[in-house]
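Novice: There's a structure below that I have some questions on.
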Amino acid sequence: MLNLQTQLGNFQFANPLMNASGVHCMDKTELDEMVASASGSLVTKSATVKPRPGNPEPRYADLTLGSINSMGLPNLGIDYYLDYVQQYQQEHPNQPIFMSIVGTTFEDNIAVARRIQESDFNGLAEINLSCPNVPGEPQTAYDPDQTVKILDELFTFFTKPLGVKLPPFFDLAQFDQMAAILNRYPLAFINTMNSLGNGLMIDPATDTVMIKPKGGFGGIGGAFAKPIALANVRAFRQRLRPEIAIIGTGGVQTGRDVYDLILCGANMVQVGTALHQQGTGIFDRLLSELSGVMQTKGYSSLAEFRGQLKTIE
Ligand code: IRO
């Protein structure tokens, strides 16, 4: 019998799959569909203190190898998502849920985290330090000093399981620097990675950018992201304390993609662009394809191959 169970700290999940925050998690209808799906868990849309309409449309486009988005953090506000998870927790006491939170300023990051700390939320919180799409705001985790400032303040009061959503990094020195910072904090997990920030795609019929906000610049997801995601999961697994789990996110289209992220060290795996394009039925296919790869390789649990990537001597 195949066992697809995974764990993150003390939390158990029937399988490693979830949505990536921002995809299929904006409101109760989408979240309920995630709950009804074959995924092992789910995360709510990154929430700010107050609701936000986000950027003007068009703000998302499908591409041949993925997607581009500049949604601009549309969300229904932290109170909406807290109401949702409170109900969820009563109905699914043994199925932990994730909440994503974000602020566009230092003060707002702290304020939204306080709302979670003061609530009866008993799942895992993820603070998004990597939103690429708020005009005028840099991605927090590309600024080590700002990252330290936020984490220092958060851990003065935040006692629930907390992870950070990171942007992609591209240089081994950046991995060293960021891992050294993250290792100083009692983080439950990191989630690597957010979309590849500030890409640009052009519609060849009209010579026009594909999305309206920020002159067409937006976060790139899908197949474009897979090698970068693998590298980020691998690089952080090699550098982080073993108690800090890793959620691998980027470029999952098949069960083999899920397997590859686990091979690099992921404890859970999120699906973004492909979930947006195919809907929640994708989780059944991914689980069956993942099981097929494991059977071919002779594995009966994820732990047998997690982190077991081979290199060439
Ligand atoms: O534009 C968005 O809402 C968005 C966010 I907060 C993010 O973290 N990543 C992304 O690609 N889009």
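The values are calculated or read from the model by the stated rules, or taken from the named source; none is laboratory data. Predicted model only: the values in this text are computed from it and were never measured. As a convention, Cβ positions derive from the backbone with ideal geometry for all residues, glycine included, and neighbour counts pool all protein chains shown. Quick note on the areas: whole protein, heavy atoms, side chains included, nothing else; ligands and nucleic acids left out. Shrake-Rupley method; radii C 1.70, N 1.55, O 1.52, S 1.80 Å.
Novice: According to the Kirkwood expression over distinct Cα-Cα pairs, how big is the hydrodynamic radius of the range 217-271, in Å? Don't jump to the answer; show the numbers that get you there.
Specialist: Values: mean 1/r = 0.0894 Å⁻¹.
For the range 217-271, inverting the mean 1/r across all distinct Cα pairs yields 11.2 Å.
Novice: Sum up the lysine pairs in the chain that clear both bars: alpha-carbon distance under 21 Å and a spacing of 8 or more or different chains.
Specialist: For the chain, the number of qualifying lysine pairs is 10.
Novice: Give me D for the range 120-265 in µm² s⁻¹, whole number, from Stokes-Einstein with Rh from the Kirkwood sum over alpha-carbon pairs, 20 °C and 1.002 mPa s.
Specialist: Values: Rh = 16.3 Å.
Rounded to a whole number, D works out at 132 µm²/s.
Novice: Also, I was wondering about something else. At 1.4 Å probe size, with every protein chain present, just tell me what the per residue accessible area of the range 1-70 comes to in Å². All intermediate terms of the calculation are to be shown ahead of the outcome.
Specialist: On the way: 3190 Å² over 70 residues.
Dividing the accessible area of the range 1-70 by its residue count gives 46 Å².
Novice: So how far, in whole Å, is the C-alpha centre of the range 12-53 from the one of the range 270-298?
Specialist: The range 12-53 and the range 270-298 have Cα centres separated by 17 Å.
Novice: Follow-up. Rounded to the nearest 5, what % of the DSSP beta bridges within the range 102-261 are antiparallel ones?
Specialist: Values: 4 of 16 bridges.
Taking every DSSP beta bridge within the range 102-261, about 25 percent pair in antiparallel fashion.
Novice: As a check on your grasp of the helix formula, calculate [θ] at 222 nm for the chain: sum -39500 (n - 2.57) over DSSP H runs of n ≥ 4, divide by the residue count, round to the nearest 500. Let's see the in-between values first.
Specialist: Numbers: 9 runs with 106 residues, N = 313.
Calculated mean residue ellipticity at 222 nm is -10500 deg cm²/dmol.
Novice: Another question, then. Which whole-percent values make up P(r) of the chain when all C-alpha to C-alpha distances are grouped in 10 Å steps starting at zero?
Specialist: Final binned percentages: 6, 29, 38, 22, 5, 0.
Novice: Shifting gears a bit: Provide the convex hull volume over Cα atoms per residue for the range 196-313, in Å³.
Specialist: Values: hull volume 18.4 nm³, N = 118.
Residue-normalised Cα hull volume stands at 156 Å³.
Novice: Something else: For the range 108-183 and the range 218-250, write down the distance between their C-alpha centroids in whole Å.
Specialist: Between the Cα centres of the range 108-183 and the range 218-250 lies a distance of 16 Å.
Novice: When the solvent-accessible surface of protein heavy atoms is calculated with a 1.4 angstrom probe, in what order do Phe217, Phe170, Phe106, Phe305 fall, highest first?
Specialist: Values: Phe217 90, Phe170 130, Phe106 40, Phe305 0 Å².
Sorted by accessible area, descending: Phe170, Phe217, Phe106, Phe305.
Novice: Also: Remind me, what semi-axes does the range 174-233 give for its equivalent ellipsoid, largest first in whole Å, using sqrt of 5 times each Cα gyration tensor eigenvalue?
Specialist: Numbers: eigenvalues 209, 30, 16 Å².
Rounded to whole Å, the semi-axes are 32, 12, 9.
Novice: Spin-label point model (7 Å from Cα, Cβ direction): what's the Gln90 to Gln117 distance in nm?
Specialist: 2.7
Novice: Quick one: which of 268-280, 3-15, 197-209 comes out on top by average Cβ neighbours within 10 Å, and what's the full order, highest first? The partial results should precede the final answer.
Specialist: Numbers: 268-280: 22.7, 3-15: 17.0, 197-209: 13.1.
So the order, starting with the most tightly packed, is 268-280, 3-15, 197-209.
Novice: With labels modelled as points extended 7 Å from the Cα through the Cβ direction, what inter-label distance (nm, one decimal) is found for Asp143 paired with Arg184?
Specialist: In this crude label model, Asp143 to Arg184 measures out at 1.7 nm.
Novice: Once you have the Cα-Cα distance between Gln277 and Asp108, take 0.36 nm times their residue separation minus that, and quote the gain in nm to one decimal. Intermediate results must be reported in sequence, preceding the final value.
Specialist: Details: separation 169, 0.36 × 169 = 60.84 nm, distance 3.18 nm.
Going from the current span to full extension adds 57.7 nm.
Novice: Another question about this same structure. Taking the Cα atoms of the range 78-203 alone, what are Rg (to one decimal) and Dmax (as a whole number) in Å?
Specialist: Rg, Dmax (Cα atoms, Å): 15.4, 48.
Novice: Once a ≥ b ≥ c are taken as the square roots of the eigenvalues of the Cα gyration tensor of the range 29-137, is the result rounded (a/c under 1.5), prolate (a/b larger than b/c) or oblate (a/b not larger than b/c)?
Specialist: Details: a/c = 2.18, a/b = 1.24, b/c = 1.76.
Oblate shape, in that a/c is at least 1.5 and b/c is the bigger or equal ratio.
Novice: In terms of modelled amide H atoms, which long-range or inter-chain residues lie less than 5 Å from the amide H of Gly197?
Specialist: Close amide H contacts, sequence-distant or interchain: Ile220.
Novice: Right, something else. For Thr206 and Leu172, compute 0.36 nm times the residue count separating them, minus their Cα-Cα distance, and round to one decimal in nm.
Specialist: Values: separation 34, 0.36 × 34 = 12.24 nm, distance 3.92 nm.
Full-extension gain reported as 8.3 nm.
Novice: On to the next question. Taking the DSSP beta bridges in the chain as the whole, what percent of them are antiparallel, to the nearest 5?
Specialist: Here the share of antiparallel DSSP bridges comes out near 40 percent.
Novice: At 0.36 nm per residue, minus the direct Cα-Cα distance, what do Leu65 and Gln308 gain on full extension? Give it in nm, one decimal, please. Kindly include the intermediate steps, with their values, before the conclusion.
Specialist: Details: separation 243, 0.36 × 243 = 87.48 nm, distance 2.77 nm.
So the extension gain works out to 84.7 nm.
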